[in-house]
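*Asks:* If you scroll down you'll find the structure; I have some questions about it.
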Amino acid sequence: MMGAKSMYAQQCYKGNFIGGDFDIDLDLTNDLPENSRHFNEKFIPYWLSKNQDKGKIAAGLACGSLHNIAKGIKQGDIIICPDGQGAYYVGEIDSPYFYASGDILPHRRSVKWYTALIERSEMSLALRNSTGSIGTVSEITKYATELEELIGNQKAPTLISNDETIEDPSVFALEKHLEDFLVQNWKQTDLGNEYDVYEEDGELVGQQFPSDTGPIDILAISKDKKTILVVELKKGRVSDNVVGQIQRYMGFVKESLAEPNQMVKGVIIGLEDDLKLRRALSVTQNIDFYKYQVSFKLFKG
């Protein structure tokens with residue numbers, strides 16, 4: 001997202017770059033560790049000193065997004081960026097990080113833009129949902145096949161990778177879209193009665209929230225602001241892996257985002273549990289398991 005509501009889209013396209021600001025007016029060329037945790041340890045306090053009316057979650061989001069732009073996105077990665085007029089530019093990251101002091105979105109990466117333009121109206125509903133309520137950066141690799149078709153013969157290198165932790169590919173194929181459905185229908189779920197998907201300045205940013213061990217599927221906060229909830233979809237993965245992953249996410253939230261008076265809980269959502277999952281959760285505190293059901297009806301038109 002090139003500026004709030006894509007306000008800098010034309011400048012970025014014409015100038016062949018993407019970038020961010022995030023109230024960190026420092027050249028980060030020599031300050032970009034591979035691990036975002038080390039980056040956050042240094043720059044979250046700096047960001048909070050300039051945004052004293054904000055909390056640690058907002059600081060973590062800003063610093064996580066900045067690290068993602070500057071270091072997380074790799075040279076050669078394919079990106080899409082909304083143009084502010086209902087379509088998306090498509091490009092390839094063409095340089096390491098550089099700092100453009102005094103300019104808009106000074107934390108930059110050069111981009112080689114394709115001639116292809118993706119119309120939002122041509123996207124599937126699931127892809128529109130994933131790209132319609134994002135923060136600055138959102139990973140949409142799970143829609144690689146559809147995006148390649150929309151781009152048209154300009155296939156992104158290494159968009160898809162094999163994940164050895166996936167136990168059931170058929171369930172993974174179903175659940176990779178469940179996250180978008182949950183966010184869109186959050187208020188109609190049991191979790192929605194107690195928690196809200198995290199927002200910042202009215203923008204929904206709790207989906208694919210950046211952390212130093214990967215993006216959190218959904219980050220929510222209780223209506224009384226006393227509990228931060230980490231939601232992880234099982235996505236057909238081996239139980240040991242998903243339990244370990246959500247524990248790492250919860251550790252990150254507790255250490256880096258939670259205020260002293262906030263507790264951290266976790267929820268794993270899957271099609272069905274199993275013996276390994278039940279045993280792992282029986283000795284794990286503050287993590288619940290929710291099963292979902294899929295149903296549909298046919299109506300004669």
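*Asks:* Out of the residues in the range 17-61 that are aromatic (Phe, Trp, Tyr) and outside any loop (DSSP other than H, G, I, E, B), which is surrounded by the most Cβ atoms within 10 Å (Cβ to Cβ)?
*Replies:* So the first thing to find is which residues in the range 17-61 are aromatic (Phe, Trp, Tyr), and the list is 17, 22, 39, 43, 46-47.
Narrowing the set further to residues that are outside any loop (DSSP other than H, G, I, E, B) leaves 17, 39, 43, 46-47.
Working: PHE17: 24, PHE39: 21, PHE43: 21, TYR46: 15, TRP47: 21.
Checking each candidate, the answer is PHE17.
*Asks:* Name the single residue, out of those in the range 1-16 being part of a loop (DSSP other than H, G, I, E, B) and surrounded by fewer than 17 Cβ atoms within 10 Å (Cβ to Cβ), that is farthest from the chain's Cα centre (by Cα).
*Replies:* Per the stated criteria, the residue is ASN16.
*Asks:* When only residues in the range 81-119 that are of a type in the set (A, V, I, L, M) and under 22 Å from the mean Cα position of the chain (by Cα) count, which is nearest to ASN16 (Cα to Cα)?
*Replies:* Among them, the one singled out is VAL111.
*Asks:* Of everything in the range 238-263 that's over 19 Å from the mean Cα position of the chain (by Cα) and surrounded by 17 or more Cβ atoms within 10 Å (Cβ to Cβ), which residue is modelled with the highest pLDDT?
*Replies:* Once the filter is applied, the top-ranked residue is GLN262.
*Asks:* Let me spell it out: the conditions are (1) modelled with pLDDT under 85; (2) out of contact with any Phe, Trp or Tyr (no Cβ under 9 Å at 6 or more places or on another chain); (3) over 22 Å from ARG248 (Cα atoms), and ASN185 meets all of them except one. Which number is the exception?
*Replies:* Condition not satisfied by ASN185: (1).
*Asks:* Which of (1) without any contact (Cβ under 8 Å) to a residue 40 or more places away in the chain; (2) under 26 Å from ALA4 (Cα atoms); (3) of a type in the set (D, E, K, R); (4) buried (at least 21 other Cβ atoms within 10 Å of the Cβ) is the odd one out, the single condition GLU232 does not satisfy?
*Replies:* So GLU232 meets the others, but not (2).
*Asks:* Right, next: Answer yes or no: is there a residue in the range 105-112 that is of a type in the set (Lys, Arg), outside the structural domain of PHE209 (by TED's automatic domain parsing) and assigned to a loop (DSSP other than H, G, I, E, B).
*Replies:* No; the residues of the range 105-112 include none that is of a type in the set (Lys, Arg), outside the structural domain of PHE209 (by TED's automatic domain parsing) and assigned to a loop (DSSP other than H, G, I, E, B).
*Asks:* Here is a further query. For the range 192-202, does any single residue satisfy the condition of being in contact (Cβ under 8 Å) with a residue 60 or more places away in the chain and at negative phi?
*Replies:* Yes, that holds for at least one residue.
*Asks:* Still on this structure, please answer the following. I'm checking my understanding of the structure. Among residues of the range 178-208 that are among the hydrophobic types (A, V, I, L, M, F, W, C) and under 17 Å from LEU229 (Cα atoms), which one is surrounded by the fewest Cβ atoms within 10 Å (Cβ to Cβ)?
*Replies:* Among residues in the range 178-208 that are among the hydrophobic types (A, V, I, L, M, F, W, C) and under 17 Å from LEU229 (Cα atoms), the one surrounded by the fewest Cβ atoms within 10 Å (Cβ to Cβ) is LEU204.
*Asks:* Something else: Tell me, which residue of the range 128-165 that is within 13 Å of PRO82 (Cα to Cα) and of a type outside the set (Gly, Ala, Ser) is modelled with the lowest pLDDT?
*Replies:* Filtering first and then ranking leaves ILE134.
*Asks:* Still on this structure, please answer the following. Could you check SER282 against (1) within 19 Å of the chain's Cα centre (by Cα); (2) of a type outside the set (D, E, K, R); (3) more than 18 Å from VAL183 (Cβ to Cβ) and say which number it fails?
*Replies:* In the conditions (1) within 19 Å of the chain's Cα centre (by Cα); (2) of a type outside the set (D, E, K, R); (3) more than 18 Å from VAL183 (Cβ to Cβ), SER282 misses (1) alone.
The values are calculated or read from the model by the stated rules, or taken from the named source; none is laboratory data. If you're wondering where the values come from, they're calculated on a predicted model, not measured in any experiment. Positions of Cβ are generated from backbone atoms using ideal geometry, with glycine treated the same way; all protein chains shown enter the neighbour counts.
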